[in-house]
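Novice: Below you will find the structure I want to go over with you.
The values are calculated or read from the model by the stated rules, or taken from the named source; none is laboratory data. Fair warning: this is a prediction, and the values are worked out from it, not measured in the lab. Here the Cβ positions follow ideal geometry from the backbone for every residue, glycine too, while neighbour counts run over all protein chains shown.
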Amino acid sequence: MKVYEISNRKSSSMNDLFYEYKLGAKPFLKWVGGKRQLLEQFEELYPIELKLKKIKNYYEPFVGGGAVFFDVAQNYEIENAFLYDINDELIISYKVIQKDVNKLIEFLYRYDKQYKKLNDEKRKEYYYELRENYNLQRFNIDYNKYSENWIPRVAQTIFLNKTCFNGLFRFNSKGGFNSPMGRYKNPKILDEQNLLNVSKLLEIATIKKADFREVKNDVKNNSFIYFDPPYRPISKTASFTSYSKYNFQDDEQLQLASLFYELDQQGHKLMLSNSDPKNINPEDDFFETIYSAYNITRVNAKRSINSNGSKRNSIKEIVVTNY
Amino acid sequence: MAKGKSANITGNQLEKAVQTVLLDKGFEIEMYRKWEKNPENYGKELLLKNVPFTTIYGHKGNTEFLLLSEKYNLRIRIECKWQQSAGSVDEKLPYLYLNTIEAMPEKDIMILIDGDGFKTGAKEWLRNAVKEKLYTTAENNDTNVMVFSLAEFFTWANNTFN
């Protein structure tokens with residue numbers, strides 16, 4: 001006999017009848033520089049062709065937490081998404097959720113249960129032991145070939161991400177995860193429903209560990225490409241561009257600008273976000289110069305990167321579009 | 001930007017942009033003087049730095065780059081001019097222009113000019129001089145000078161090396 005139950009889901013459930021991917025999925029990792037808070041402003045800036053459902057392919061060469069992917073994939077009826085990042089841990093996380101979400105949920109369930117029964121002191125020991133083990137084990141993982149070993153690894157990634165300081169998912173120059181423990185009373189280590197939703201949404205995604213230039217090889221007609229590169233530091237002390245072992249300096253910003261011009265000439269719709277150097281120096285024209293052929297819009301962001309709470313002010317960020 | 005205020009992008013970054021873009025297009029980068037001693041040790045797709053010439057005054061001058069490409073049949077001298085703040089660089093544009101048509105040995109010369117510090121009319125003068133082939137003679141009016149902003153350079157590079 002079929003059992004019916006009353007759904008508790010939000011109003012989006014009505015839309016599910018028309019678009020099966022409107023799931024309410026959201027980023028499964030806390031991500032520094034994540035774009036969730038900017039989505040409302042971004043939606044004003046998406047290309048009209050996306051809103052008119054003429055764009056079927058979405059590309060995100062620096063996927064990170066994927067907030068914009070989740071927004072675009074659930075609201076604009078794209079058929080294919082190509083998600084790239086240079087961060088191994090991130091890419092295997094997306095792939096495990098895409099392929100083996102139920103096994104991942106089992107691992108996370110155990111981490112959640114073990115951690116939550118500990119007192120503060122034991123939690124600290126647990127965190128740092130796991131972090132050390134996580135860093136040692138990375139040499140035993142083959143990041144290029146999907147394997148069952150990836151599943152506990154990704155569970156650890158998610159555990160550390162949810163319990164570390166401010167979700168600062170930071171790696172040192174040697175590739176070791178080095179964020180300290182955060183102060184969360186009840187971190188949501190396992191969000192089962194969201195992981196299931198993310199897994200479903202990733203059905204339309206091709207996920208690759210790749211440099212941002214890879215998009216050139218895959219891009220098809222009717223595409224929207226969103227670039228969210230590591231931000232150019234807005235002050236000399238803001239050296240937080242190294243979230244990974246890979247640096248992203250002005251040279252790389254220039255290479256990205258060159259790629260932007262190339263893709264523009266091929267007729268794709270392009271959007272790119274970055275920090276606004278004018279927050280610190282009104283005379284800094286770096287982006288105005290390298291993107292002088294395009295539209296630059298400033299949006300308001302509330303960034304919490306600074307450990308000093310008083311410095312977590314609203315700042316401007318830039319969005320470059322070629323339409 | 002108001003006159004006298006400095007921009008944070010620098011001439012150095014303009015040169016970096018050229019190197020970055022051309023490196024990405026497969027060009028090898030080397031100092032001209034090093035390459036000149038043993039050109040056989042290098043490939044045929046090259047961006048050479050600090051390229052000498054003798055100025056119209058008879059002095060030694062240097063240009064930022066010489067682009068050599070056997071594949072695309074190119075030999076282009078690239079001169080970068082960034083005006084960071086109001087000053088005398090814009091007054092050097094006529095001097096640069098005369099050097100391009102009279103003193104530089106290459107037939108194809110690219111002037112990459114950007115920044116907001118130029119005096120009103122300076123960049124326009126240069127573009128017009130190039131377009132109208134001002135002050136050229138029958139001997140040198142076949143020199144092909146291109147004037148590009150950084151944005152135009154990105155586009156040119158992508159179109160040329162597609």
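Novice: Among the residues that make up region A:276-284, is at least one of them in contact with a Ser or Thr (Cβ under 8 Å, 6 or more places away or on another chain) and closer than 24 Å to B:GLY117 by Cβ?
Specialist: Looking through region A:276-284, at least one residue is in contact with a Ser or Thr (Cβ under 8 Å, 6 or more places away or on another chain) and closer than 24 Å to B:GLY117 by Cβ.
Residues checked against (1) closer than 15 Å to A:LYS99 by Cβ; (2) in contact with a Phe, Trp or Tyr (Cβ under 8 Å, 6 or more places away or on another chain); (3) not basic (Lys, Arg):
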{"site": "A:ASP120", "(1), (2), (3)": "no, no, yes"}
{"site": "A:TYR134", "(1), (2), (3)": "no, yes, yes"}
{"site": "A:ARG138", "(1), (2), (3)": "no, no, no"}
{"site": "A:ASP142", "(1), (2), (3)": "no, no, yes"}
{"site": "A:GLU148", "(1), (2), (3)": "yes, no, yes"}
{"site": "A:PHE169", "(1), (2), (3)": "no, yes, yes"}
{"site": "A:PRO180", "(1), (2), (3)": "no, yes, yes"}
{"site": "A:LEU195", "(1), (2), (3)": "yes, yes, yes"}
{"site": "A:ARG213", "(1), (2), (3)": "no, no, no"}
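Novice: Same structure again: Looking for whichever is surrounded by fewer than 21 Cβ atoms within 10 Å (Cβ to Cβ), more than 14 Å from chain A (Cβ to nearest Cβ) and touching a helix residue (DSSP H, G or I) at 6+ places or on another chain (Cβ under 6 Å) here; the options are B:THR120, B:THR155, B:THR136. Which one fits?
Specialist: B:THR136
Novice: State all residues of region B:42-57 that are in a loop (DSSP other than H, G, I, E, B) and either in contact with a Lys or Arg (Cβ under 7 Å, 6 or more places away or on another chain) or over 13 Å from B:TYR95 (Cα atoms) (or both); if no residue qualifies, say none.
Specialist: B:TYR42, B:GLY43, B:LYS44
Novice: Of the conditions (1) without any contact (Cβ under 8 Å) to a residue 40 or more places away in the chain; (2) of a type outside the set (Gly, Ala, Ser); (3) under 21 Å from B:ASN62 (Cβ atoms), B:PHE118 fails just one. Which one is it?
Specialist: Here B:PHE118 clears every test but (3).
Novice: Might you let me know whether region B:102-113 holds any residue that is under 17 Å from the mean Cα position of the chain (by Cα), within 14 Å of another protein chain (Cβ to nearest Cβ) and within 27 Å of B:ASN141 (Cα to Cα)?
Specialist: The answer is yes; a qualifying residue exists.
Novice: Any residue at all in region A:162-170 that's surrounded by fewer than 21 Cβ atoms within 10 Å (Cβ to Cβ), of a type in the set (Lys, Arg), within 20 Å of the chain's Cα centre (by Cα) and modelled with pLDDT under 95?
Specialist: Scanning region A:162-170, I find at least one residue that is surrounded by fewer than 21 Cβ atoms within 10 Å (Cβ to Cβ), of a type in the set (Lys, Arg), within 20 Å of the chain's Cα centre (by Cα) and modelled with pLDDT under 95, so the answer is yes.
Novice: Need the failing condition index for B:ALA103 against (1) in contact with a Gly (Cβ under 9 Å, 6 or more places away or on another chain); (2) buried (at least 22 other Cβ atoms within 10 Å of the Cβ), just the number.
Specialist: Result: B:ALA103 passes all but (2).
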